[in-house]
Amino acid sequence: MVQTPDTYEVKTTCAYCGVGCGIVAQVEGGEITSVRGDESHPANYGRLCSKGMSLHETLGEENRLLFPKIDGKRASWDKALDSIADKFSSVIAEHGPEAVAFYVSGQCLTEDYYVANKLMKGYIGAANIDTNSRLCMSSSVVGHKRAFGSDTVPGCYEDLELADLVILVGSNMAWCHPVLYQRILAAKDKRPEMKLVVIDPRETASCDMADLHLPIKSGSDVALFQGLFKALQDAGCVDTDFVESHTKNFADSVDFSDVYTLDRVCAETGLGAQVLQSFYDLVIDNPKTVSVYSQGVNQAVDGADKVSAIINTHLLTGRIGKPGCGPFSVTGQPNAMGGREVGGLAGQLASHFDLFRPEDRDLVQSFWNAPAMASEGGLRAVDLFEAIHTGKVKAVWIIATNPVVSMPDADRVKAALEKCELVVVSDIYENTDTVKCADIVLPATGWGEKDGTVTNSERCISRQRAIVPPPGEARHDWQAICGVATRMGWGEAFGFETPADIFAEYASLCALDNGGTRDLDLAGLCGLDQEAYDGLAPVQWPIDKNGRSRARLFADGQFFTPDGKARFVVPASKYMKTHTEYPFVMNTGRIRDQWHTMTRTGRAARLFQHMAEPFVDIHPDDARVADIYEADIVEIKSAQGRILVRAQLSARQPRGTIFVPMHWSDAYTAKGRVGALIVPDVDAFSGQPAFKSTRVSVARYQTAWHGFALSAESFKADIGVEYWARARVKNGHQVELAGAETCTDWRQFAQALYGGPCEESVLDVLEYEEAAQQVFRTAYFQNNKLVFALFIDQYPLEISRGWTVEQFEKSHEGMQRYKLLAGRPGGDMPDKGAIICACLGVGVNDICGAIKQGADSLNLVGKSTGAGTNCGSCRSDIQRLLQGTYYAKTG
Ligand code: SF4
């Protein structure tokens, strides 16, 4: 692209997952008009997934917070910051520093995170700062620290390509870290002998390209890896030199694993002996093995022990720190790793100093010139919100996260915030579920406006650059934090003027008294001036004073424990008990095209094409027993609450278990906020909630009617029926509806839902009704353009959503209009069906058509339709279509 003052490109980083892809953003006339993958970024080499590709579509001022508010009224920044500082100071004076808290986020940049930690742990003098990364990977942090003495990811992404065997444990990488998954598949394409194993109770999209899937019972990972530990010993795979010279506690692990015979592991995991032995043989035969794990491992009451069980197998075999092998934790968020670096969790200190070591606290205190250093761990996320509920914490500042949706027992979190004396929320949008609970709201900068650094899952620090100016009065989080710190009397320590100033202090703290004793060494980045910071290229830590970076650690057998030796940790296997009132185990997680609580991805129509409403995956046999049919509305209850979601029958879901996506909030659905069901059980070591194993009951929700509506304008906030789920579509909005009571006047219902003037002078209205059958259809046209349509039936509607949405773009004249009421095209018109490839808008019918014409491979389908040729996230869906195992909902 030609660079002019008006038209130029900026290199930055994706705002979503922990892969941390590099992006090139194109700017025209002051707006980010498109994005593409950065060919030079070592995380993605030019690839992006559907979420990254849509980043520019999530921007714009709709629902943006443009100025601070106090009690719902516009306020100046000075007034808002004064109010926060006054209240925090008075609470601290009266109740002590533990009575205030920060709850921050893996969305924060490292510079934001750093000043928040410095303020809480060095100046307020408590460690009550925790992050939503607690929900994501804190069990991995514990596992790393127990084994290595430091929170170190030993390897790098290249290891996943160099490995002969990649094991995905509790990771649906095809959907959750798509670009990294595509890198594995590309390596496998080049070396077909490379093997991919997926360990997951569900048959996820990641299984479609795998050589072996182990559908273990939920929660039996420890038994599986203890069995592997024993099998590796029995097969003579122990690296005796490495174990003797560089590890401790081996004998304890051997004693513990001895009981994990093949029979016992089969019994505990539910696997057959043959498939289990095949897995063992693959690991035995492939020294170049990488074990990748994420939320399926971490989000459990024994998450830290699962991590230890995985790491133990790598210590046993010496398969760590060398090209193509090692345990590898992938983080969920764009800067979860950066948060860990600056001490974002309540038990950490900045720059990988240890909060629980007096010498470390002294060093940091003197570096910061801090008046009141925290000396013990603070409240972890679940405990923090409980302390708010009980009144122990009286003032909280929530930054860049939406805990009313994402926390376990989310209704209790909401109730806690509603009664807290002061809730400050920094966000970019005014309509999140958490902002609605705030006393003071601060408008923050978002992606494309923020300026700083992030660190991805392979320890690579990248710049996220400001591309366009912030809207309204939005400010960076670090500016708001420093503003409050200054008003609390600590202006000198928080007088940063730029993110580069903050990074310089952070890098110096990392280098302080380091000399190789701490893994996180940024000596080579100390003293960067503004120009060098602006131009900083992606770089992996540690970086020594000569600027040398290391892709891998521990190949030399040197760990960060006091004696330099790694530790085997004996895990304790825990089992879930059955429960008659709540007979199902509910697993939660991400879907391919949405991110967290949808505050950003919910703004991109393209990202709703894949899945547009909250659903439950349930095995057909379980559904039959519960009298649940495809597309029914299902009521799911736990001890904490209830939700309503759409049934999706899937033989890929193990019996006795269900899966519900984590994304839907009160802003997008009437009752699909799954956090309200989650029991707040946590791992005792990490405090990470067990999002994968809530006990629930499921039942068909008795509906009298189902509906689907389209509108060129957005629907009102409260739709007023028992079930609704809204989504943005191209040129408008859609909503799925269902109700328990029969309606007697659908015309009036339609007019109320439309919400605008319905006079005949303004609109042409078509209508069709079979009242006895609860069938009603109507469409409103203005100047031959469709502006509203409603379809009602007593059964789930079998209309083509994709085709009806396309009708917004068309001119509708004469009798042609009546075709719309059918809700699907006639035989003479093409219907794409449900969209599979979000990047290029290719539907299931297009792909099936190509397959019928002889396209019998991914490449041929790609050549014929384009599907799967851009980001690749849909390739597993296409593979299932090729195999005849794909199920797609109508439209
Ligand atoms: Fe963003 Fe997708 Fe890359 Fe993750 S894989 S960083 S969501 S583009």
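The values are calculated or read from the model by the stated rules, or taken from the named source; none is laboratory data. Source: prediction; values computed, not measured. Cβ sites come from the backbone with ideal geometry, for glycine too, and all protein chains shown count toward neighbours. These accessible areas exclude ligands, DNA and RNA; they are computed on the full protein's heavy atoms, side chains included. Shrake-Rupley method; radii C 1.70, N 1.55, O 1.52, S 1.80 Å.
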Heavy atoms of MET373 accessible to a 1.4 Å probe, total area in Å² rounded to 10: 30 Å²
How high is the relative contact order of the stretch 83-136, in percent, with contacts defined as C-alpha pairs under 8 Å that are six or more residues apart? 37 percent
Which cross-chain or sequence-distant (5 or more) residues have an amide H under 5 Å from the amide H of THR33, H modelled 1.01 Å from N in plane? GLN26, VAL27, GLU28
Please calculate the 1.4 Å probe accessible area of GLU497, with all protein chains present, and give it to the nearest 10 Å². 150 Å²
Given the stretch 1-141, what percent of its DSSP beta bridges are antiparallel, to the nearest 5? 85 percent
Name the long-range amide H neighbours of GLY843: under 5 Å, sequence gap of 5 or more, or other chain; modelled H, no Pro or chain starts. ILE836
Residues whose modelled amide H sits under 5 Å from the amide H of THR247, counting only those 5 or more places away in sequence or on another chain, are ALA566
Checking the stretch 294-363 for chymotrypsin sites (Phe, Trp or Tyr not before Pro) in a loop per DSSP with at most 14 other beta-carbon atoms within 10 Å yields PHE356
In the stretch 351-468, what % of DSSP beta bridges are antiparallel (nearest 5)? 30 percent
Loop-only check: which trypsin sites (Lys or Arg not before Pro) in the stretch 653-733 are DSSP coil with at most 14 other Cβ within 10 angstrom? ARG655, LYS716, LYS730
Net charge near LYS450: determine it from the other residues with C-beta under 10 Å of the C-beta of LYS450, scoring Lys and Arg +1 and Asp and Glu -1. -4
Taking a cut-off of 24 Å, what percent of all Cα-Cα pairs in the stretch 534-625 are separated by more than that? 66 percent
Grab the DSSP H runs of the chain that are 4 residues or longer, score each as -39,500 (n - 2.57), total them, divide by all residues and round the 222 nm result to the nearest 500 deg cm²/dmol. -8000 deg cm²/dmol
The stretch 205-225 and the stretch 361-431: distance between their alpha carbon centers, rounded to Å: 36 Å
Taking 8 Å as the Cα distance limit and 6 or more residues as the minimum spacing, I'd like the relative contact order of the chain as a percentage. 15 percent
Measuring from centroid to centroid over Cα atoms, what is the spacing of the stretch 802-858 and the stretch 650-690 in Å? 33 Å
Cα-Cα pairs in the chain separated by more than 37 Å, as a whole percent of all pairs, come to 45 percent
For LYS863, the lysines lying under 29 Å Cα to Cα, once residues fewer than eight places off in the same chain are dropped, come out as LYS51, LYS188, LYS190, LYS195, LYS730, LYS810, LYS832, LYS852, LYS889
Could you tell me how far the Cα centroid of the stretch 96-136 sits from the Cα centroid of the stretch 536-561, in Å? 26 Å
By DSSP, what percent of the beta bridges with both residues in the chain are antiparallel, rounded to the nearest 5? 65 percent
Provide the per-residue ³J(HN,Hα) series for the stretch 179-193, in order, calculated from phi with Karplus coefficients 6.51, -1.76, 1.60 and θ = phi - 60°, each as a whole number of Hz, with x at glycine and proline positions. 5, 5, 4, 5, 5, 5, 5, 5, 5, 5, 4, 6, 10, x, 6
The stretch 485-583: chymotrypsin sites (Phe, Trp or Tyr not before Pro) in DSSP coil with no more than 16 other Cβ atoms inside 10 Å: TYR575
In the stretch 541-645, lysine pairs closer than 28 Å at Cα, eight or more apart or cross-chain: 4
ASP519 accessible area, nearest 10 Å², 1.4 Å probe? 10 Å²
Using each residue's phi in the stretch 626-639, evaluate 6.51 cos²θ - 1.76 cosθ + 1.60 at θ = phi - 60° and report the 3J(HN,Hα) Karplus result to the nearest Hz, with x for Gly and Pro. 8, 6, 9, 10, 3, 6, 5, 8, 10, 9, 10, 10, 10, 5
Taking a ≥ b ≥ c as the square roots of the eigenvalues of the Cα gyration tensor of the stretch 494-536, is the shape rounded (a/c under 1.5), prolate (a/b larger than b/c) or oblate? oblate
Across 10 Å bins from the origin, how do the percents of Cα pairs in the stretch 410-454 run, short distances first? 27, 43, 23, 8
Note, ³J(HN,Hα) from phi for the stretch 482-491, Karplus 6.51, -1.76, 1.60, rounded to Hz, x at Gly and Pro: 5, x, 5, 4, 4, 6, 8, x, 10, x
